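*Asks:* Dumping the structure here so I can ask a few things about it.
Every read-out reported here was derived from the displayed coordinates using simple, explicitly stated rules and does not represent laboratory data. Keep in mind it's a predicted model, so treat the numbers as computed, not measured. Heads up, the Cβs are rebuilt from the backbone with ideal geometry, glycines too, and the neighbour counts pull from every protein chain shown.
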Amino acid sequence: MTELSYDFIVSDFFLKDFKEELWVDQEIVRTAWCTELPEADPIIEDLLNAFPDITLDYLKSNKSNMIGYASNYRPPYSNGCVSWYAWEYPSQEDHEEYNIFLPDGCKLNRWFGKKYDLVTKEVWLKYVFAGKTMRRPDLPPCKIEPFYALISDQNKNVLPHVDVYFNSTHEDVKKYCEEQGLIYPAPPELERDERRLWAVVYDYDTLEISKVKAYDIFNFKKRNQVSTI
């Protein structure tokens, strides 16, 4: 993520009536809201009830923080989860509690999240980083250099499920999915924009791809698209 996109994300323009929908296999698997919006309040309440050690101040530590319910569309979230993101670097406490492994030549991005299982009370840290040395499968043609996310559990295990994020066109991603035998994630209505942010989930060891994801980020009152920024 570039500093330009970070500055845009934390701007008042972006935060006003912000909503994110994540599409996988032609279905919405996560809907997220800025934590400052009233639509986020029921999700925050569920999370605080399940995890009483978490504070509201922590969840709203930055006005750009976001939160949403996610389905069990991918491992390790077998029960689904509450997904919370902050556009900041992981804290020193996060570094001590989790294993934030970075391949040689890679650098943390200003973006991390935590996934909370409301059933088992498990918590995972998901951290985002960039680097040209990260092993990955081939991708569609990209407008910007891809970046990545890894997941660490509370036992300090870094899981093999990797996300690689990239900006590409619908046409190129459709062709890619056809060639790879993958399910194209986006419905026709998302094709109103030429480009958007996508991600591929793959196994770090085998490079086998399990999911393709499409991100739709917009002003939900004006339907003002910003996912291509």
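*Asks:* Would you mind telling me which residue in 112, 51, 18 has the biggest mean-square fluctuation in a Gaussian network model of the chain, where springs connect alpha carbons within a distance under 10 angstrom?
*Replies:* For the chain, modelled as a Gaussian network with Cα springs under 10 Å, the answer is 51.
*Asks:* Same structure, new question: Quick one, can you get me the convex hull of the C-alpha atoms of the chain expressed as volume per residue in Å³?
*Replies:* Values: hull volume 27.8 nm³, N = 229.
Spread over its residues, the Cα hull of the chain gives 121 Å³ apiece.
*Asks:* Over segment 3-216, what is the mean sequence separation of C-alpha contacts under 8 Å (at least six apart), divided by residue count, expressed as relative contact order in percent? Could the numbers behind the result be given before it?
*Replies:* On the way: 438 pairs, mean separation 37.9, N = 214.
Reported as a whole number, the value is 18 percent.
*Asks:* What does the charge dipole of the chain about its Cα centre add up to, to the nearest 20 debye, if the Cβ of each Lys and Arg holds +1 and the Cβ of each Asp and Glu holds -1? Write out the running numbers ahead of the final one.
*Replies:* Working: 27 positive and 39 negative charges, 78 e Å.
Computed about the Cα centre, the dipole is about 380 debye.
*Asks:* Then there is this: Calculate, in nm to one decimal, what residue 104 and residue 58 gain on full extension: separation in residues at 0.36 nm each, minus their alpha carbon distance.
*Replies:* Difference between extended and current length: 13.4 nm.
*Asks:* Still on this structure: How much of the pair distance distribution for segment 159-226 lies past 14 Å, counting alpha-carbon pairs only, in percent?
*Replies:* 60
*Asks:* Suppose only helical runs count, i.e. DSSP H with n ≥ 4. What mean residue ellipticity at 222 nm does that imply for the chain under -39500 (n - 2.57) per run, divided by all residues and rounded to the nearest 500 deg cm²/dmol? Working shown, then result.
*Replies:* Working: 6 runs with 42 residues, N = 229.
Helices in the chain give a 222 nm mean residue ellipticity of -4500 deg cm²/dmol.
*Asks:* So, one more: Just flag the GluC sites (Glu not before Pro) in segment 146-222 sitting in loop per DSSP whose Cβ has no more than 16 other Cβ atoms within 10 Å.
*Replies:* Details: sites: 171, 178, 179, 189, 191, 194, 208; in loops: 194, 208.
Here the sparse-neighbourhood loop sites are 194, 208.
*Asks:* Would you mind ranking 134, 66 by Cβ crowding within 10 Å, fewest neighbours first?
*Replies:* Neighbour counts put them in this order, fewest first: 134, 66.
*Asks:* If you don't mind, there's one more thing I want to ask. Report the equivalent ellipsoid semi-axes for segment 62-140 in whole Å, largest first, defined as the square roots of five times the eigenvalues of the gyration tensor built from alpha carbon atoms. Could the numbers behind the result be given before it?
*Replies:* Values: eigenvalues 102, 57, 34 Å².
Equivalent ellipsoid of segment 62-140: 23, 17, 13 Å, largest first.
*Asks:* In segment 89-190, which trypsin sites (Lys or Arg not before Pro) fall in coil by DSSP and have 13 or fewer other Cβ atoms within 10 Å?
*Replies:* Working: sites: 107, 110, 114, 115, 121, 126, 132, 135, 143, 156, 174, 175; in loops: 121, 132, 135, 143, 156.
Sites meeting the loop and neighbour criteria: 121, 132, 135, 143, 156.
*Asks:* Shifting gears a bit: Identify which of 210, 168, 64 has the largest mean-square fluctuation in a Gaussian network model of the chain, with springs joining Cα atoms closer than 10 Å.
*Replies:* 210
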